[in-house]
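**Student:** Take this structure first; my questions come after.
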Amino acid sequence: MAEVEESSKPLFAGLSDISISEDIPVEGDISVPVGSQNPDDDFSTLDEPVKDTILRDLRAVGQKFVHVLYPKKSSALLKDWDLWGPLLLCVTLALMLQGGSADSGEDGRPQFAEVFVIIWFGSVIITLNSKLLGGTISFFQSLCVLGYCILPLTVAMIVCRIVLLGALSSVSFVVRLIVVTASFSWSTFASTAFLADSQPANRKALVVYPVFLFYFVIGWMILTFSPSP
Amino acid sequence: MSASQGSTNTNTEPWGSFDDNIIQGSGSAVIDMENMDDTSGSSFEDMGEIHQRMKEEEEVTAEAAATEEDNGEYGEFLGMKGLKGQLGRQVADEVWQAGKRQASKAFNLYANIDILRPYFDVEPNQVRNRLVESLIPVRMINFPQKVAGELYGPMMLVFTMVAILLHGMKTSGTVIREGTLMGTAIGTCFGYWLGVSSFIYFLAYLCNAQITMLQMLSLLGYGLFSHCMVLFITYNVHFHSLFYILWLVIGGLSTLRMVAVLISRTVGQTPRLILCGTLAALHMLFLLYLHFAYHKMVEGILDTLEGPNIPPIQRVARDVPVVANAVVNATIKSIAAVVQSQ
């Protein structure tokens, strides 16, 4: 121990000679910051009219809808994620799946809360799964992508509703089956175009399968929907 | 862990000296209690103390006025505490820091999904191989068989079974009054997987079998592959004999595999018998239950094979109009009797 101290002495021995020469002015302003600085002083969105805020958000949501309908390799969905679009789609789908009167006798139809919970819980589970498999995408980005890719299924639901305004025959069933199958594969393809990039190359199938199952369950709920007589 | 962001660190002593930063109001863990409001009464000695304190406060506030200006309301609120409300803000600040520290500690401890990360470290071909192997009983039972400890395959199988069950419930026209279709399906599948795994693990602990909880979860999860296949086929093709054949063959193969693995890890005849008998019974009976609980009522076939089989979940609505009619009739009769007697 003594040798260590002796060897370390020359290292620090010269520190006592350090002095600040007088021609370097050492002065300044030391103030402890009290209260938080406002980070977006120059970009405060608090004072703009509500119409501007809503229109800006709606435009962002609409832009993401376009990205889902034509899935290219763009990062718009990922960079600035938002959950407005998924919420809108989820509520629309749940309302349309509920049908006419709420307390009909044969209550085989999913309730509003059921659809809501399926969509959000399913998205959370898929996100957790993709994170556990080593994905680089963040939690809310993944939720955003999965929610926005429900858009084709919502469109299919609207089409089914229109078709069901006519007769409830086997032709209408075949038409609905085709429409729902097409939109469900579109949804799966669109979401994997965004999600699978964040996975290691050989594990894409492991991530795609739960997404496939998720959209399959939603598509099947749409297909088996029949309006109250 | 992390140095506090805003406060100065003047550690002159090893344990960290008291920081005299009341005036600055940065969040330190030490509150100077000298300036607390002293409500010990208005005795003569205290009045002198109070006067002395007020003089000190005037000097201090004269200094503090240069640094802060917006504490007027705090000063008034705290009464004679003066010091422009530094105490209140310091306490609030410190409570916030402590709360944040606790919350982040709890979050890192419990919501850390990295705990589960090693169990999801699989390749697709590994999953496929394990799925196929779950139907092939092993021959060698004198040597402990290797059980993969992963959770991805079992979880995906449970969710697939939920989807298949949902389909079965819909096509059988099951009506669930108290609850939802989805909730029942999820509850059944996850309940079976987690509950039976835990029960068999407990039995294995009693019977001295060498198997961990994770391995048991994985084993039973992969055993659900046979259930998925059988249910998928028989919910769409409604032949009873087909179901029984598939139940015996595919269900039996999967049960044999699980039983063989457990036997290879247990010593002694009686423990083996108990453990494997229980597992076999539960596994096969679950498949039987799932088929018949959500089974489409095909008239004619059922009548020849067994009696009317009401699915246990389906509730038959009571005939309310008859009861209501009876009540109304009785009331009218009684009213008529009263009117006539008058």
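The values are calculated or read from the model by the stated rules, or taken from the named source; none is laboratory data. Model, not experiment: these values are computed from the prediction. Ideal geometry is used to build each Cβ from the backbone, glycine not excepted, and the neighbour counts take in all protein chains shown.
**Student:** May I ask you to verify whether A:I222 is within 14 Å of another protein chain (Cβ to nearest Cβ) and either more than 16 Å from the chain's Cα centre (by Cα) or under 20 Å from A:S130 (Cβ atoms) (or both)? If you could, list the steps in order and put the result at the bottom.
**Tutor:** Numbers: within 14 Å of another protein chain (Cβ to nearest Cβ): yes; either more than 16 Å from the chain's Cα centre (by Cα) or under 20 Å from A:S130 (Cβ atoms) (or both): yes.
Yes.
**Student:** Another one. If A:A205 meets every condition in (1) surrounded by fewer than 24 Cβ atoms within 10 Å (Cβ to Cβ); (2) more than 14 Å from chain B (Cβ to nearest Cβ) apart from one, which number is that one?
**Tutor:** The single condition A:A205 does not satisfy is (2).
**Student:** Would you point out the residue of the stretch B:120-150, among those that are facing chain A (nearest Cβ under 9 Å) and aliphatic (A, V, I, L, M), that is farthest from A:G134 (Cα to Cα)?
**Tutor:** B:V127
**Student:** How about the stretch B:232-272: which of its residues are of a type in the set (G, A, S) and not in a helix (DSSP H, G or I)? Write out each step before concluding.
**Tutor:** We begin by selecting, within the stretch B:232-272, every residue of a type in the set (G, A, S); these are B:241, B:251-252, B:254, B:260, B:264, B:268.
Result: B:G268, single match.
**Student:** Are there any pairs with C-beta distances below 7 angstrom linking a residue in the stretch A:117-132 that is under 17 Å from B:L181 (Cα atoms) to a residue that is in a helix (DSSP H, G or I) and modelled with pLDDT under 85, with the two at least 6 apart or on different chains, and if so which?
**Tutor:** From residues that are under 17 Å from B:L181 (Cα atoms), the pairs are A:I118/B:M182.
**Student:** Does the stretch B:254-268 include one or more residues that are farther than 23 Å from B:V158 by Cα, crowded, with 17+ Cβ neighbours inside 10 Å and among the charged types (D, E, K, R)?
**Tutor:** Keep residues of the stretch B:254-268 that are farther than 23 Å from B:V158 by Cα, which gives B:263-268.
Subset that is crowded, with 17+ Cβ neighbours inside 10 Å: B:263-266.
Next cut, among the charged types (D, E, K, R) only: B:265.
Yes: one or more hits.
**Student:** From (1) surrounded by 13 or more Cβ atoms within 10 Å (Cβ to Cβ); (2) in a helix (DSSP H, G or I), pick out the condition that doesn't hold for A:I137.
**Tutor:** If we test A:I137 against (1) surrounded by 13 or more Cβ atoms within 10 Å (Cβ to Cβ); (2) in a helix (DSSP H, G or I), just (2) comes out false.
**Student:** Anything in the stretch B:96-148 that is closer than 30 Å to B:S264 by Cβ, free of Cβ contacts under 8 Å to residues at least 40 places away in the same chain and in a helix (DSSP H, G or I)? List them, or say none.
**Tutor:** B:I115, B:R117, B:P118, B:F120, B:P124, B:N125, B:Q126, B:V127, B:R128, B:N129, B:V132
**Student:** Conditions: (1) in contact with a Gly (Cβ under 8 Å, 6 or more places away or on another chain); (2) modelled with pLDDT under 85; (3) more than 26 Å from B:C228 (Cβ to Cβ). A:L195 meets all but one. Number of the miss?
**Tutor:** (3)
**Student:** Next question, about the same structure. Would you mind finding the one in A:A190, A:A182, A:A205 that is within 30 Å of B:Q126 (Cβ to Cβ) and without any contact (Cβ under 8 Å) to a residue 60 or more places away in the chain? Step through it out loud before you land on a result.
**Tutor:** Working: A:A190 fails: without any contact (Cβ under 8 Å) to a residue 60 or more places away in the chain; A:A182 fails: within 30 Å of B:Q126 (Cβ to Cβ).
Just one listed residue meets the conditions, A:A205.
**Student:** Spot the failing condition for B:Y235; the list is (1) within 14 Å of chain A (Cβ to nearest Cβ); (2) over 20 Å from B:L285 (Cα atoms), and only one is missed.
**Tutor:** Status for B:Y235: all satisfied but (2).
**Student:** Could you identify the single residue in B:M161, B:M156, B:M182 that is within 13 Å of chain A (Cβ to nearest Cβ), part of a helix (DSSP H, G or I) and in contact with an Asp or Glu (Cβ under 8 Å, 6 or more places away or on another chain)?
**Tutor:** Working: B:M161 fails: in contact with an Asp or Glu (Cβ under 8 Å, 6 or more places away or on another chain); B:M156 fails: in contact with an Asp or Glu (Cβ under 8 Å, 6 or more places away or on another chain).
Within the list B:M161, B:M156, B:M182, the selection yields B:M182.
**Student:** Hey, another quick one. Is it the case, given these coordinates, that B:Q102 is surrounded by 11 or more Cβ atoms within 10 Å (Cβ to Cβ) and more than 10 Å from every other protein chain (Cβ to nearest Cβ)? Can you show your working first?
**Tutor:** On the way: surrounded by 11 or more Cβ atoms within 10 Å (Cβ to Cβ): no; more than 10 Å from every other protein chain (Cβ to nearest Cβ): yes.
Against the criterion (surrounded by 11 or more Cβ atoms within 10 Å (Cβ to Cβ) and more than 10 Å from every other protein chain (Cβ to nearest Cβ)), B:Q102 does not qualify.
**Student:** Does at least one position in the stretch B:163-177 carry a residue that is buried (at least 19 other Cβ atoms within 10 Å of the Cβ), over 22 Å from B:M229 (Cα atoms) and in contact (Cβ under 8 Å) with a residue 40 or more places away in the chain?
**Tutor:** Looking for residues that are buried (at least 19 other Cβ atoms within 10 Å of the Cβ), over 22 Å from B:M229 (Cα atoms) and in contact (Cβ under 8 Å) with a residue 40 or more places away in the chain, one finds none in the stretch B:163-177, hence no.
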